[in-house]
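A.B. asks: I'd like to ask you about the structure that follows.
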Amino acid sequence: MRKMLLTTMTVSLVGLWACAPATTDAPPPPVVSAPAIDGPADSAPAQKLTLGFAQVGAESDWRKANTESIKAEAEKRGHELKFSDAQQKQENQIKAIRSFIAQGVDVIAFAPVVETGWDAVLAEAKAANIPVILSDRTINTQDETLYTAFVGSDFREEGRRAGKWLAEKTNGEASILELQGTPGSAPANERKAGFAEAIADFPNMKIVKSQTGEFTRAMGKEVMEAFLKTPEGQGATALYAHNDDMAIGAIQAIEAAGKKPGQDIVIVSVDGVKDAFLAIQEGKLNCTVECNPLLGPPIFDLAEKLVAGEQVPKITYSEEGVFDESNYADVINDRKY
Ligand code: AHR
């Protein structure tokens, strides 16, 4: 980590949470506060709280690190965590949220598996006066009062960074395969849109095949195998994967097809997990756009403030970097997940 941005400014709604080297020149969002990346709690909490967390599942290394961060932070601060794993199903998350309401938790946090379909259950939480924190993924709603705060990444910006990096790397010429995340999820929708925006100025950059790999290694491999059997797949020069796990699965498929990942096919993905850094070191992955999973500290910072009756920013973004062969060595040894 080259620098830590610790500036505090009085801007209203948007916060900026953690820092890593940013190699993009995209303007950063306005800043409210920026504690350190694994931001320790200042002191023992004034009040012990109970937080219900409805997690998406365990589909990727990113998700596992995210779960671990939330569990570890609850334990460190002495709070009670009621944790539910929805196994990728929205109905399971809705059930978990209803159960948290029935149990009268102080705060509910959840990572919405998809963007739509939350209004009814969130209205129930609001009626019960339980504040809701959206963790990592946003929702689509006409009523922004149904949740209190969002903490996580700017997924559209991640997509833009991936597209911009690929345009520079390929001099604006690429036949691109795209592995999308879970259909209907905020990271799949936004990373796709941001990437499309970034390559729109390059007429010789085209997405020739695009399909979901569900954010998993196994599906990334399976879909890439299928891509490589098609004429578009055989002629492809680049791969954009919405997460590292799918890229790593795809690397296996590319090697099995007798091609060299990272050379015959330039690969850019999103997350910045340890295995992606190792793949960059081996020359098989070319770039990973960071998405910070360590959301335990900011979630409990928000929850403590809410329970204490304090105001919190509506949006808190993590600050994240872009890593390729030029700078991966700066962080590979420190990356724990
Ligand atoms: O919502 C964040 C995304 O969900 C991560 O990029 C991906 O790996 C995951 O499972």
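Computed from the coordinates by the stated procedures, all read-outs in this text should not be read as laboratory data. These numbers come from a predicted model, not from an experiment. Every residue, glycine among them, receives a Cβ derived from its backbone with ideal geometry; neighbour counts consider all protein chains shown.
A.B. asks: For the condition within 28 Å of residue 90 (Cβ to Cβ), small (Gly, Ala, Ser) and more than 13 Å from the ligand (Cβ to nearest atom), what is the one hit in 238, 226?
C.D. replies: 226
A.B. asks: Are any residues in the range 123-150 more than 16 Å from the ligand (Cβ to nearest atom), surrounded by 16 or more Cβ atoms within 10 Å (Cβ to Cβ) and small (Gly, Ala, Ser), and if so, which ones?
C.D. replies: Listed by number, the residues that qualify are 125, 149.
A.B. asks: Are any residues in the range 318-337 farther than 23 Å from residue 76 by Cβ and of a type in the set (Phe, Trp, Tyr), and if so, which ones?
C.D. replies: 323, 328
A.B. asks: Within the range 266-311, restricting attention to residues that are among the hydrophobic types (A, V, I, L, M, F, W, C), assigned to a strand (DSSP E or B) and in contact (Cβ under 8 Å) with a residue 40 or more places away in the chain, which residue is farthest from the ligand (Cβ to nearest atom)?
C.D. replies: This residue is 266.
A.B. asks: Would you point out the residue of the range 151-198, among those that are of a type in the set (Val, Ile, Thr) and surrounded by 23 or more Cβ atoms within 10 Å (Cβ to Cβ), that is farthest from the ligand (Cβ to nearest atom)?
C.D. replies: 176
A.B. asks: Starting from the range 98-122, keep only residues that are closer than 15 Å to residue 82 by Cβ and away from the ligand (no atom under 15 Å from the Cβ), then list their pairs with residues that are of a type in the set (A, V, I, L, M, F, W, C) and part of a loop (DSSP other than H, G, I, E, B) whose Cβ atoms are within a distance under 7 Å, requiring at least 6 positions of separation or different chains.
C.D. replies: Going by the 7 Å Cβ cut-off, the qualifying pairs are 101/128; 101/130; 105/130; 106/49; 107/49; 107/130; 108/130.
A.B. asks: Please count how many residues of the range 63-97 are surrounded by fewer than 20 Cβ atoms within 10 Å (Cβ to Cβ), in a loop (DSSP other than H, G, I, E, B) and in contact (Cβ under 8 Å) with a residue 40 or more places away in the chain.
C.D. replies: 1
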